[in-house]
Amino acid sequence: MLRINELRLPVDHTKEDLDLKIKKYIGKETGFSYKIVKRSLDSRKKPDLYYIYGIDIESEDEDRLLKRNKRLLKVQKKNYSFPYSFDRIDDDKRPIVCGFGPAGMFCALYLARAGLRPVVYERGYDVDKRKVSVDRFWESGELDRISNVQFGEGGAGTFSDGKLNTSVKEKNGMNHAVLSDLVRFGADEDILIDNKPHVGTDVLIKVVKNLRNEIISLGGEVHFESCVDGFGIEGGTLTSISVNGKKVPCDIFILAPGHSARDTFRLLKDSGLNIEPKGFAVGFRISHPAGIINEYAYGTPFHKKLGNASYKLTHICNDGRGVYSFCMCPGGYVVNASSEDGMIAVNGMSYSGRSSERSNSAVIVTVEPDDYMSGDDVLSGMYFQQELEKRAFEAGKGSIPVQYYTEYKNGVLNEIRDDKVFECIKGRSAHVSLDGILPEYIKKDIIKGIDAFDGIIPGFASDEAVLYAVESRTSSPIRMPRNELYVSSIGNLYVCGEGAGYAGGIMSAATDGIRVAENVAFALKAGS
C-alpha cells in the first residue's frame, strides 16, 4: 500500500477536486483506489484555510508509482487483532469486570469477542435511566449518588464532549480498532480520519448502549445498580468480592474504576492494596463567546463549514508550575459534574453539533504530592480535591459559582452583562466571588496563565471571559501499581483505566482496557 502525506486542498474543495489532486500524484492512466486516513486543518495562512490529507493508495502498479513519484511512501497497514480465542470457558473462570466506563467497556467487549463471557458490575444506571437522573439533577439540583455525571453506563466520558484525541502512540492498530468499534456502534465515520475527533454526548448515549448489547449477544452479562462494596482476600490473593452486600466467588477480577470512585479508593486502601499518590491538576472552567475563539483559529470571514474552533494552550509560570487548557469544548456547555453531596465539581460537554454560542475549557494548574500530602496518607490528593469542591459548593450555596475573569482578577463583583453566560450551563448557577476556593498559589498562577493566553488569543482575558468553579476531576489522584501482566499487589486483581492512574481520556482508557483483556486471556490460556 502507498501513502500520500501532506496533500493540501482549500477547505471548501469538492470530492472532484480531491480526485484530481490524487491523479496528479499517480497519473490518470493508472488504475487505483484510495482511502482517506487522516485529515487536519492548516490555518497558518488564515483566513486562507486548507485541509491536509493523508491518503492510502491501492494499485497493481505500486513499484512503478514509487519510482515515478518520490513523495509516495510504501506503508504496511496496521490491523489490530486480539491474539486469543476460546471455544468455551467454565462458569467459575469467567472474568469479572468492575466499572463500565471506557476501560471496562472495551475490556469486556474484547473478552466477550474472545469467547470468555465476562460478567460486568456497574454501580450506576443504564444510559437511558442515567440520562433521566442527570437531567433531573441539572434542573433541580437533586443529586443521585448512585448514577450521575461521573457514575453509570459509559462512565464520565458519556456526559462530555467525547473527545478521542490521544497521545498514546499507534503501534499495532489498537487506536484505530477502538475508533472503528465506535463507528460500528453509531459514531460518525469522520472520527476515523479527523486529527481531533469527537463524538458528542447525544451520540455517545447511543454508542455505549450498542456496545453493551454486543457484549450481551456474545454471552456476557452487564449488571447495573450493582456496586462492588467488599473484597475477600486470602493469602494476598483475591478470592471473592461483595456486590450490593452479597458474596460472589471470583477467580479473575478486573477493576476499571473512574477517577471519582472515592469510596472504592478508601475500600481498596483498607483492604491492603498498594496505592501511590500522583500529580494531577486543578483550576476553573473558562468560557468565551465562540466567535472570539473562531476568529483566532480561522481568521475572518468565519468558515461555517468548519464549525466552532478549539484551542490548546500552555504556559510555565515563574514558580515552575504549568498552567494549561484541558478538555476544550467548542460550542459547548459547562456542566455540574458533582457526585457527592455538599460538593461542586464542573466539567465541559458538547453535543455532536458543537453549536452553542460559547466555547469552554478547563484552565488548570499542576499539583504534586508535595503540595497536598497530609502526613503519609496516600489518599491526601483525594481529600484535597474534596476540600476544593466543598468550598465551591459553599460559595455558590449549592449552585455552580460563576464570575467574570476580570472581576476575579481585580477582586470585585459587578452585574452579569450577558444572559447567554447562563444559557450555556447545565445545572443551577450563581454569580458570586470565586475568591478563596483555590489556594492562593494556584490562584496567582491561574491569573498569570490566563493573561499569558491573551497574548495568543486576543480577548482571552477580556471582560467576555467567565470562570466556573471548580475543575477538580482532571485525573485520578492515585495510582495502583501493577506488574507487567497488569496485576496489582493483590493476586487475581487486575487494574486499568483512569481511576487506577493509567489513562487520561476515552482513548487511552479504552486501549488500556484492551491490554488488560489480552493479559487476562493470556493467563487463562497458560492455566488451561
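The values are calculated or read from the model by the stated rules, or taken from the named source; none is laboratory data. Note that the structure is predicted; figures quoted are calculated from it, not measured. Cβ sites come from the backbone with ideal geometry, for glycine too, and all protein chains shown count toward neighbours.
Within region 451-477, restricting attention to residues that are in contact with a strand residue (DSSP E or B) (Cβ under 6 Å, 6 or more places away or on another chain) and not in a loop (DSSP other than H, G, I, E, B), which residue is nearest to Leu313 (Cα to Cα)?
So the residue we want is Ala452.
Could you check region 242-272 and list, in sequence order, the residues that are in contact (Cβ under 8 Å) with a residue 24 or more places away in the chain and farther than 25 Å from Asp377 by Cβ?
Val243, Val248, Pro249, Cys250, Asp251, Ile252, Phe253, Ile254 - these are the residues of region 242-272 that are in contact (Cβ under 8 Å) with a residue 24 or more places away in the chain and farther than 25 Å from Asp377 by Cβ.
Which condition does Leu73 not pass, out of (1) crowded, with 24+ Cβ neighbours inside 10 Å; (2) closer than 30 Å to Gly27 by Cα, if it passes all the others?
(1)
Looking only at region 42-70, how many residues end up being closer than 26 Å to Gly173 by Cβ and either part of a strand (DSSP E or B) or in contact with an Asp or Glu (Cβ under 8 Å, 6 or more places away or on another chain) (or both)?
8
Tell me, which strands (runs of 3 or more DSSP E) wholly within region 286-364 include 1 or more residues that are without any contact (Cβ under 8 Å) to a residue 60 or more places away in the chain and touching a His at 6+ places or on another chain (Cβ under 6 Å)? Steps first, answer last, please.
Working: elements: 314-316, 322-329, 333-336, 346-349.
Ranges flagged: none.
Anything in region 119-174 that is farther than 28 Å from Ser356 by Cα, in contact with a Pro (Cβ under 9 Å, 6 or more places away or on another chain) and among the basic types (Lys, Arg)? List them, or say none.
none
Mind checking which residues of region 1-56 are within 23 Å of Asn79 (Cβ to Cβ), modelled with pLDDT under 90, among the hydroxyl-bearing types (Ser, Thr, Tyr) and surrounded by 17 or more Cβ atoms within 10 Å (Cβ to Cβ)?
Tyr34 - this is the single residue of region 1-56 that is within 23 Å of Asn79 (Cβ to Cβ), modelled with pLDDT under 90, among the hydroxyl-bearing types (Ser, Thr, Tyr) and surrounded by 17 or more Cβ atoms within 10 Å (Cβ to Cβ).
Do we find that Ser356 is more than 15 Å from the chain's Cα centre (by Cα) and assigned by TED's automatic domain parsing to the domain that holds Gly449 in this structure? Show your work before the answer.
Working: more than 15 Å from the chain's Cα centre (by Cα): yes; assigned by TED's automatic domain parsing to the domain that holds Gly449: yes.
Answer is yes for this residue.
Looking only at region 113-137, how many residues end up being in contact (Cβ under 8 Å) with a residue 60 or more places away in the chain, in a helix (DSSP H, G or I) and crowded, with 20+ Cβ neighbours inside 10 Å?
Going through region 113-137 one residue at a time, the tally reaches 2.
Could you grab me the full set of residues in region 378-415 that are of a type in the set (Val, Ile, Thr) and under 21 Å from Cys329 (Cβ atoms)?
So in region 378-415, the residues of a type in the set (Val, Ile, Thr) come out as 378, 400, 402, 406, 412.
Correct list: Ile400, Val402.
I'm told Gln76 meets every condition in (1) in contact with a strand residue (DSSP E or B) (Cβ under 8 Å, 6 or more places away or on another chain); (2) within 20 Å of Val37 (Cα to Cα) except one. Can you identify the failing condition by its number?
Failing condition for Gln76: (1).
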